[in-house]
Amino acid sequence: MSEEILKTRDLLSLLQQFSSSTLEKLYAHAPACLAVYRELPAVAKQYIARLLFLTQDVPISLLVVKSWSSLAEQNACDQIVEKLVLLQIWKKHSMMGGTVGITMTKSFQDNIRTSITGGGTPWAQAGHVGEDKHGRDAQYIVKYAEERWEGILNYIVSSPADYNGIIRDVLVDCGLMSVGSQGGEPKISKLGFQFLLLSKSNQVWYFVTQYLNLLQKYDMDNVECLVFLLQISFLTVGKDYAIEAMTDSQLKLLQHLREFGLIYQRK
């Protein structure tokens, strides 16, 4: 019997598990497009930049695409094209003469062009939420986040805290902790020990990606939650941001992230 191995995925690998319709809805939001673009290999960014300002919906031959790369990069061209297709950023088309052509998904093209060149509606409003007499600086918030995360790690090891909500659900659902056949408090599993050996940033990322599997259980919209997660990656620690425009799913996500220690909510 093979031993369980904890496997982490980057953002691009994570998005490839979603359906075409989900990715299409995701790319209707500029911050999501920019976050995806930021994670792409340099050659993929070059390919996208060359198509960014084409307004005609005419397929470009893959032979032309390959000519954009150096000889050393052409070996990886097919893999990069396939990755862009799996991410629904590019679409393949059959062309005359049996060649294959590609076009860029229009919503992704429009939003990434707007993000790069400027314009559009601001994603978040900072500094327009009124003064806070209990305001906290960035140093305090970082310390707050570290303490909250250490609490979760201590719970994994010894289960002393009362985590009966979303944190416990995530840890048990992804196998970092397990509950015996007789019930009772969950205990750390073999995957849990592997998890503790990860760097803190990789721990947080793995935990969040596993949390996404539980969105349906908590009646939350996965696209709205993905958009919010990608959007906050561009925000600044220590600044206040308004929440009035958030959806019900995003407000619920906000509370969960607060429990994880990833967001500090002012009083």
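A short reminder: the numbers here are calculations on the coordinates, not readings from a lab. These numbers were taken from a predicted model, which means no experiment stands behind them. Here Cβ is always computed from backbone atoms with ideal geometry, including for glycine, and neighbour counts include all displayed protein chains.
Per-structure values
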| item | result |
| --- | --- |
| Lys, Arg +1 and Asp, Glu -1 on Cβ, resulting dipole of the stretch 184-267 about Cα centre, debye, nearest 20 | 420 |
| Relative contact order of the stretch 19-140, pairs being alpha-carbon contacts under 8 Å that are 6 or more residues apart, as % | 32 |
| Candidate aspartates and glutamates - alpha carbon under 12 Å from Lys252, same-chain residues fewer than 8 apart omitted | Asp219, Asp221, Glu224 |
| Qualifying aspartates and glutamates (Cα of each under 18 Å from Cα of Lys200; at least 8 residues distant if same chain) | Asp10, Glu146, Glu147, Glu150, Glu259 |
| Eligible aspartates and glutamates near Lys239 by straight Cα distance, threshold 12 Å, same-chain separation 8 or greater | Glu131, Asp132, Asp137 |
| Most mobile listed residue (Leu198, Leu226, Leu153) in the chain, GNM with C-alpha springs under 10 Å | Leu198 |
| By average C-beta atoms within 10 angstrom, highest first, the peptides 137-148, 98-109 | 98-109, 137-148 |
| Out-of-range pairs (alpha-carbon distance over 32 Å; input Lys25/Lys45; Lys92/Lys217; Lys92/Lys190) | Lys92/Lys217; Lys92/Lys190 |
| Pairwise FRET efficiency - Ser158 versus Glu4, Cβ, R0 = 22 Å, nearest 0.05 | 0.55 |
| Lys239/Ser94 FRET efficiency (R0 35 Å; Cβ-Cβ; nearest 0.05) | 0.10 |
| Lys66 paired with Leu251, simple spin-label distance in nm, labels 7 Å along Cα-to-beta-carbon | 5.4 |
| 5 angstrom amide H check on Trp90, placed H, neighbours 5+ away | Val85, Thr105 |
| Contour excess over end-to-end distance, with Cα ends at Lys217 and Asp173 and 0.36 nm allotted per residue | 14.7 nm |
| Loop-located GluC sites (Glu not before Pro) in the stretch 166-267, at most 10 other Cβ atoms within 10 Å (DSSP) | Glu244 |
| Reciprocal mean inverse distance between Cα atoms of the chain - Kirkwood radius, Å | 21.1 |
| Nonlocal amide H pairs with Thr8, under 5 Å, H built at 1.01 Å | none |
| Fully extended contour minus Cα-Cα distance, from Gln16 to Lys106, at 0.36 nm per residue | 30.5 nm |
| Spatial extent of the stretch 1-124: Rg and Dmax, with the Cα atoms as the point set, Å | 15.9, 56 |
| Nearest-20 debye value, the chain charge dipole, Cβ charges on Lys, Arg, Asp, Glu | 480 |
| Percent breakdown of C-alpha pair distances by 10 Å bin, ordered from the shortest bin, for the stretch 129-267 | 10, 40, 34, 14, 2, 0 |
| Leading residue at positive end of dipole, the chain (Cβ point charges), from Thr55, Ser199, Met104 | Thr55 |
| Highest-first arrangement of 7-20, 33-46, 209-222, where packing means the average Cβ count within 10 Å | 33-46, 209-222, 7-20 |
| Selection from Met177, Ala28, Ser159, by position along the positive dipole direction of the chain (Cβ) | Ala28 |
| Within the stretch 190-226: backbone nitrogen closer than 14 Å to the Glu259 label point (7 Å, Cα to C-beta) | 208, 211-220 |
